[in-house]
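Worksheet: one structure, shown below.
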Amino acid sequence: MPDLFVKNDSVSPTGSLKDRSFAIAVSKAKELGVSQAFTYSSGNAGISLAAYASRARMKAVVAVNAWASAQKILMMQALGAEVIKLDWDSFEQVDKALAVLRGELRLYEFVNFVNPFRHEGQKTYAYEICEQLGWQVPDYMIHPIGTGGGIFATWKGFNELKRVGVIKKTPRMIGVQPAACAPLVDAFLRGSREAVPTGDAKATIAQSIASDMPFDRGRRPLRAVYESDGAMVAVTDEQIVASILMLGQEGIYSEPAGAATIAGAQMLVRQGVIEPGATVVCVVTGSGLKQPDVLQGMLKEPVAFKADSVELVEHVKGLFGDKKAFSH
């Protein structure tokens with residue numbers, strides 16, 4: 001696939017795509033006089049809110065999945081947020097808890113699909129991708145989906161560009177979820193416009209997109225896929241790990257959720273859904289530094305030598321195949 005591109009958002013300030021949406025949402029909240037910020041997060045959104053809320057001098061409270069990686073929780077705390085761990089068996093429990101907090105405390109929320117300004121930031125994917133492709137539109141845009149805010153917002157952005165005449169067509173939107181919990185994929189395969197609880201969010205390494213039920217039953221991300229004549233696909237943890245290593249060969253260290261898009265692209269090419277000559281953009285949504293333990297035990301242990309040993313020189317020579325570093 002000569003025209004397969006990676007949109008790498010692992011290099012954003014806090015290492016994920018969420019910085020796009022929180023830069024805008026927190027700025028708007030500051031303009032409105034908000035002094036206290038609250039969000040639920042699987043991890044990345046909480047880190048981003050913590051950073052931008054600190055910069056805006058807002059108190060931030062983040063409710064995070066109890067099984068989120070220790071690195072993500074430490075980042076939230078280092079950036080100034082108060083963190084609460086939430087344990088749940090079905091996301092519907094989280095939804096109800098947030099509704100109670102919303103009603104009791106009248107919190108200003110930054111949750112996707114609750115705070116509309118989040119999408120105004122995330123839609124910049126569409127703007128940047130078109131600009132970086134010389135104002136050409138990719139045939140396919142592949143995005144990992146948890147709540148579905150990213151794919152919905154990007155579809156919004158592409159449609160805005162088309163409406164004002166900057167582009168003449170829009171891409172087909174592809175959503176990817178982990179096979180262990182893929183409610184939106186399940187809904188799509190049934191031809192449904194809304195999801196039902198499916199799978200186990202704790203049974204996959206792709207923490208950032210692990211949910212048995214997205215907000216609002218996934219109506220808006222499903223709408224983006226249907227309207228664009230797109231597709232949904234589920235990938236296994238094994239396929240995700242292979243994709244992390246494949247991206248590593250391109251110098252990109254991705255968290256599992258981001259690498260899922262590469263696994264999804266491979267599957268859809270094999271299935272004939274994506275033609276090999278198509279222009280495809282896969283979104284890497286976050287840095288592998290967020291979950292460094294994912295590959296623990298899967299790669300070979302480095303060989304150890306004494307620094308002054310002859311064996312060290314012989315081993316390195318063997319690794320390079322006796323080739324000199326410079327040739328004339």
query = Any residue in region 221-228 that is over 20 Å from Q296 (Cα atoms), assigned to a helix (DSSP H, G or I), aromatic (F, W, Y) and in contact (Cβ under 8 Å) with a residue 60 or more places away in the chain?
reply = no
note = Checked against (1) in a helix (DSSP H, G or I); (2) within 28 Å of G199 (Cβ to Cβ), M173 satisfies every condition except (1)
remark   = Of the listed residues (S54, S27, S21), the one being buried (at least 18 other Cβ atoms within 10 Å of the Cβ), assigned to a helix (DSSP H, G or I) and either small (G, A, S) or in the same structural domain as I209 (by TED's automatic domain parsing) (or both) is S21
ask   = Quick check: is even one residue across region 233-254 of a type in the set (D, E, K, R) and over 24 Å from Q71 (Cβ atoms)?
value = no
query = Can you tell me how many residues in region 30-44 are touching a strand residue (DSSP E or B) at 6+ places or on another chain (Cβ under 6 Å) and assigned to a helix (DSSP H, G or I)?
reply = 1
message = Here is a list: F152, F158. Which entry is within 15 Å of the chain's Cα centre (by Cα), not in a strand (DSSP E or B) and not β-branched (V, I, T)?
response = F152
key: region 138-195, residues that are charged (D, E, K, R) and within 15 Å of A234 (Cα to Cα)   = D186, R190
query = Checking D237 against (1) in contact with a strand residue (DSSP E or B) (Cβ under 9 Å, 6 or more places away or on another chain); (2) outside the structural domain of L189 (by TED's automatic domain parsing), which test does it fail?
reply = (2)
key: Cβ-Cβ under 6 Å pairs, at least 6 apart or on other chains, region 260-278 side closer than 14 Å to M232 by Cα, far side among the small types (G, A, S) and surrounded by 11 or more Cβ atoms within 10 Å (Cβ to Cβ)   = A260/A206; I262/S243; A263/S243; V273/A231
query = In region 228-251, what residues are among the hydrophobic types (A, V, I, L, M, F, W, C) and more than 14 Å from the chain's Cα centre (by Cα)?
reply = A231, M232, V233, A234, V235, V241, A242, L245, M246, L247
message = Just to be sure before I move on: is S16 free of Cβ contacts under 8 Å to residues at least 60 places away in the same chain and closer than 30 Å to L268 by Cα in the structure I sent?
response = no
message = Looking at A242, A234, A265, A257 in this structure, which one is under 23 Å from A45 (Cβ atoms) and outside any strand (DSSP E or B)?
response = A257
request  = With respect to V94, determine if the residue is aliphatic (A, V, I, L, M), farther than 30 Å from K168 by Cα and part of a strand (DSSP E or B).
outcome  = no
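The values are calculated or read from the model by the stated rules, or taken from the named source; none is laboratory data. No experiment lies behind these values; they were computed from the predicted model shown. Positions of Cβ are backbone-derived with ideal geometry, glycine not excepted, and every protein chain shown enters the neighbour counts.
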